[in-house]
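Below is one structure, written out as structure tokens; the observations come after it.
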Amino acid sequence: MIAPEFERQRCVLCNSVPISNNGYCILHDAALSTVKKGFLDWQKALGDISWERYLERIIGLKETGDSSRDIARHLLSQTDQ
């Protein structure tokens, strides 16, 4: 069931209905969680890697899923502002 306050809104990245106040649909919200968790894993493995560099790297990986790539591009564009 979609909350009434989200019925007329659309995901920041696609045309789906958002599931929360962050403005993302269920796929992009899950991808956001995956990207954030991945950053913590990369920090543990690589030590000193910036958020921006991490996003750039995962965007270029063929293993990165479409939704995670969408989120990474969106987050990276926000860091440039």
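Table for the structure above
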{"quantity": "Meets criteria (in contact (Cβ under 8 Å) with a residue 24 or more places away in the chain and small (Gly, Ala, Ser)) for Gly47", "calculated": "no"}
{"quantity": "Tally of residues being in a helix (DSSP H, G or I) and acidic (Asp, Glu) across region 34-52", "calculated": "2"}
{"quantity": "Those residues of region 12-28 which are of a type outside the set (Ser, Thr, Tyr), surrounded by 15 or more Cβ atoms within 10 Å (Cβ to Cβ) and within 12 Å of the chain's Cα centre (by Cα), in sequence order", "calculated": "Leu13, Gly23, Cys25, Leu27, His28"}
{"quantity": "Search result, residues across region 46-64 that are modelled with pLDDT of 95 or more and more than 19 Å from Thr79 (Cα to Cα)", "calculated": "Leu61, Lys62, Glu63, Thr64"}
{"quantity": "Residues that are among the charged types (D, E, K, R) and either part of a helix (DSSP H, G or I) or surrounded by 10 or more Cβ atoms within 10 Å (Cβ to Cβ) (or both), drawn from region 54-81", "calculated": "Glu56, Arg57, Asp66, Arg69, Asp70, Arg73"}
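The values are calculated or read from the model by the stated rules, or taken from the named source; none is laboratory data. Only a predicted model underlies this, so the values are computations on that prediction, with no experimental measurement involved. Neighbour counts run over all protein chains shown; Cβ positions are idealised from the backbone, glycine included.
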